[in-house]
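Asks: Before we start, here is the structure in question, set down as structure tokens.
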Amino acid sequence: MSGGDMAKPLLGHQITEGDPSIAPAAGRTIGVLGSGDFARSLAIRLVCSGFKVVVGSRNPKRKAGLFPSAAEVTFQVEAVKKTDVIFVAVFREHYSTLCGLADLLAGKILVDVSNNTEINHHKESNAEYLASLFPACTVVKGFNVVSAWTLQSGARDGNKQVLICSNNQEAKRTVAEIAQAMGFTPVDMGCMSSACEIENIPLRLLPAWKIPIFLALGLFLCFFTYNLVRQVIHPYIREQKNKFYKIPVEVVNTTLPCVAYVMLSLVYLPGVLAACSQLYYGTKYRRFPDWLDQWLQHRKQIGLLSFFCAALHAVYSLCLPMRRSHRYQLIETAIKQAVEKKMNIWVEEEVWRMEIYISVGIIALGLLSLLAISSLPSIANSLNWREFSFIQSTLGFIALVISTLHTLTYGWSRAFDENQYKFYLPPTYTLTLLVPCAVILAKVVFNLPCIQQRLLRIRRGWEKGRYVKFVLPSATGEYSSGETSSNV
């Protein structure tokens with residue numbers, strides 16, 4: 001980045017988000033100890049936000065050209081003397097090299113921005129370790145969840161939240177002012193004991209996606225093996241036909257819709273189980289089992305993976321006619337018909353089945369696309385709760401019903417054709433219908449007036465077996481109290 005680019009602000013200085021009580025801190029002098037990538041990005045962002053920056057380095061002459069011209073690059077001792085708020089942008093193993101500055105750092109605010117290479121790599125967090133080395137300083141943990149790229153490009157291109165924790169409220173407020181002036185949204189995470197959790201956040205790889213991904217992979221392997229046996233192994237054993245060429249495209253394309261369809265039904269199955277639990281126990285205050293609670297929390301990821309598999313299925317289906325094997329089969333079929341002198345091979349039932357099958361599939365994919373788009377935070381934040389619930393719940397269930405019609409249209413009457421059973425194994429689509437049909441049937445039952453009203457009362461706080469007091473007027477005009485069960 002050139003010096004001109006460094007001097008040009010990336011964002012305006014107006015504060016549009018965050019706590020309005022936090023006053024802008026731009027104009028004060030901020031110290032940065034370190035000359036690595038993060039330290040350079042931090043200095044650039046601070047300069048562009050209107051701060052005076054003093055960078056402390058062990059080799060200031062060699063490192064000066066890496067920082068913006070507006071930042072002063074000097075020795076660490078000089079940098080510490082010129083500021084009261086200092087960002088410590090060095091690795092944990094190098095904290096001890098700063099011990100010689102302990103007397104100068106006394107009473108100053110140290111902002112620890114470091115991270116570890118492994119989750120819970122040390123018994124104590126980096127911030128707590130830094131505080132133990134400099135007990136006369138006030139240590140604040142912050143800015144470790146923000147990448148160097150986000151600092152350089154501006155908060156608009158990354159997560160705007162800056163997680164902050166410290167045992168000193170005034171120090172947290174000072175750092176929050178700096179973060180807000182830089183265009184970020186400070187989030188108070190409490191005392192220093194939260195530093196370990198904050199340091200683990202950047203090291204987690206898609207924590208909410210692990211279970212859904214393993215679930216999708218497990219379903220894919222099961223359906224892939226099932227389809228491999230039916231489409232490849234069976235003809236090879238029974239008819240000595242080599243159809244292993246089907247594995248890369250046809251078998252995968254048969255597997256993907258099965259996974260997408262079952263995953264979509266698994267989005268709505270935990271809601272059915274939760275409703276059954278509430279009806280059975282007659283209360284909404286009984287906690288769900290841990291496995292059901294986890295299932296409910298992962299519905300968004302399961303739905304997005306369902307859409308991903310459905311989109312891949314659509315692409316694979318469009319590519320089916322492009323295969324060389326398909327062309328050979330068309331030519332072979334044409335030659336066979338010419339030899340047999342068949343002039344008309346039009347089958348009205350098959351034509352209608354495929355037309356309806358493709359049309360319903362396109363509608364189902366369109367609804368899944370809408371569900372996926374509305375799951376994006378930028379879209380979801382623009383919707384009120386009723387709109388979001390309508391899309392995710394009502395339209396989602398409609399997508400499940402249309403996907404079921406898509407599957408039934410594909411099967412048509414094949415489930416009753418004995419030639420479709422390979423090794424006595426039914427067609428794959430018949431297996432995929434089990435869970436979705438159970439969900440649809442349960443939804444229909446829950447919509448019956450008698451059950452729907454009872455479920456609605458429970459979700460509004462009514463409890464079975466709870467006694468409530470009531471007051472009745474007596475014959476003399478006086479009132480007498482009593483009690484009755486709320487389930488009467």
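The values are calculated or read from the model by the stated rules, or taken from the named source; none is laboratory data. Bear in mind that the values here come from a model prediction, so they are computed numbers and not experimental data. Every residue, glycine among them, receives a Cβ derived from its backbone with ideal geometry; neighbour counts consider all protein chains shown. Protein only, heavy atoms only, side chains kept; ligands, DNA and RNA dropped before computing areas. Shrake-Rupley method; radii C 1.70, N 1.55, O 1.52, S 1.80 Å.
Asks: Just one of the numbered conditions (1) open to solvent by less than 30 Å² (accessible area, probe 1.4 Å); (2) in a helix (DSSP H, G or I) is not true of Leu163; which one?
Replies: (2) is the only condition that Leu163 fails.
Asks: What pairs come up if the first residue lies in segment 362-389 and is without any contact (Cβ under 8 Å) to a residue 12 or more places away in the chain and of a type in the set (D, E, K, R), the second is exposed (fewer than 12 other Cβ atoms within 10 Å of the Cβ) and part of a helix (DSSP H, G or I), and their beta carbons are under 9 Å apart, counting only those six or more places apart or on different chains?
Replies: none
Asks: Another one. Mind counting the residues in segment 46-102 that are open to solvent by 30 Å² or more (accessible area, probe 1.4 Å) and in a helix (DSSP H, G or I)?
Replies: Matching residues across segment 46-102 total 18.
Asks: Another question, then. Which of the numbered conditions does Ala131 fail, given that it passes all the others? Conditions: (1) open to solvent by 10 Å² or more (accessible area, probe 1.4 Å); (2) touching a strand residue (DSSP E or B) at 6+ places or on another chain (Cβ under 6 Å); (3) part of a loop (DSSP other than H, G, I, E, B).
Replies: (3)
For every residue, the table says whether it meets (1) under 23 Å from Val139 (Cβ atoms); (2) in contact with a Ser or Thr (Cβ under 9 Å, 6 or more places away or on another chain).
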site	(1), (2)
Arg58	yes, yes
Lys61	no, no
Gly65	no, no
Ala71	no, no
Phe75	yes, yes
Ala79	yes, yes
Ile86	yes, no
Ala89	yes, yes
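Asks: Looking for something touching a Leu at 6+ places or on another chain (Cβ under 7 Å) and within 30 Å of Thr428 (Cβ to Cβ) - is there at least one such residue anywhere in segment 132-154?
Replies: No: zero hits.
Asks: On to the next question. In this structure, is Lys284 buried (at least 18 other Cβ atoms within 10 Å of the Cβ), out of contact with any Pro (no Cβ under 7 Å at 6 or more places or on another chain) and of a type in the set (Lys, Arg)?
Replies: Values: buried (at least 18 other Cβ atoms within 10 Å of the Cβ): no; out of contact with any Pro (no Cβ under 7 Å at 6 or more places or on another chain): yes; of a type in the set (Lys, Arg): yes.
Judged against the criteria, Lys284 is not a match.
Asks: Go through segment 411-426 and report how many residues are open to solvent by 50 Å² or more (accessible area, probe 1.4 Å), closer than 16 Å to Pro257 by Cβ and part of a helix (DSSP H, G or I).
Replies: Adding up the residues that qualify gives 1.
Asks: Would you list the helices (runs of 4 or more DSSP H) that sit entirely within segment 427-467 and hold 1 or more residues that are assigned by the TED database to the domain that holds Leu228, open to solvent by 60 Å² or more (accessible area, probe 1.4 Å) and over 16 Å from Thr404 (Cβ atoms)? Give the steps one after another, and end with the answer.
Replies: Numbers: elements: 428-432, 434-446, 449-459.
Helices (runs of 4 or more DSSP H) meeting the threshold: 449-459.
Asks: Moving on. Return the pair list, or none, for Cβ contacts closer than 8 Å from residues in segment 298-311 that are touching a residue at least 12 places away in the same chain (Cβ under 8 Å) to residues that are open to solvent by less than 30 Å² (accessible area, probe 1.4 Å) and of a type in the set (Val, Ile, Thr), at least 6 apart or on different chains.
Replies: Short answer, once both residue conditions are applied: Arg299/Val267; Ile302/Val267; Gly303/Val267; Ser306/Val259; Ser306/Val267; Cys309/Val259.
Asks: Then there's this: Among the helices (runs of 4 or more DSSP H) contained in segment 225-334, which hold 2 or more residues that are within 33 Å of the chain's Cα centre (by Cα)? Full working, then the answer.
Replies: Numbers: elements: 234-238, 252-281, 290-297, 299-319.
The qualifying helices (runs of 4 or more DSSP H) are 252-281, 290-297, 299-319.
Asks: Next question, about the same structure. What tally of residues in segment 77-98 results from selecting those that are touching a residue at least 24 places away in the same chain (Cβ under 8 Å) and within 42 Å of the chain's Cα centre (by Cα)?
Replies: As a first pass, look at segment 77-98 and keep what is touching a residue at least 24 places away in the same chain (Cβ under 8 Å): 77-80, 82-90, 92, 95-96, 98.
In the following step, the residues that additionally are within 42 Å of the chain's Cα centre (by Cα) were identified as 79-80, 83-90, 92, 95-96, 98.
Number of matching residues: 14.
Asks: Among the residues of segment 166-187, how many are of a type outside the set (Val, Ile, Thr) and within 28 Å of His298 (Cβ to Cβ)? So that I can check it myself, show each step before the final result.
Replies: Taking segment 166-187 and keeping what is of a type outside the set (Val, Ile, Thr), we get 166-173, 176-177, 179-184, 186.
The next check asks that each one be within 28 Å of His298 (Cβ to Cβ); those that pass are none.
Within segment 166-187, residues that are of a type outside the set (Val, Ile, Thr) and within 28 Å of His298 (Cβ to Cβ) number 0.
Asks: Can you tell me which residue is surrounded by the fewest Cβ atoms within 10 Å (Cβ to Cβ) among those in segment 175-230 that are within 22 Å of Leu163 (Cα to Cα) and of a type in the set (S, T, N, Q)?
Replies: Residues of segment 175-230 that are within 22 Å of Leu163 (Cα to Cα), as a first pass: 175-208.
In the following step, the residues that additionally are of a type in the set (S, T, N, Q) were identified as 180, 185, 193-194, 200.
Details: Gln180: 24, Thr185: 16, Ser193: 13, Ser194: 18, Asn200: 17.
Restricting to residues being within 22 Å of Leu163 (Cα to Cα) and of a type in the set (S, T, N, Q), the top hit is Ser193.
Asks: Under the condition of being free of Cβ contacts under 8 Å to residues at least 60 places away in the same chain and either touching a strand residue (DSSP E or B) at 6+ places or on another chain (Cβ under 7 Å) or not in a helix (DSSP H, G or I) (or both), which residue from segment 185-197 is nearest to Leu151 (Cα to Cα)?
Replies: Among them, the one singled out is Val187.
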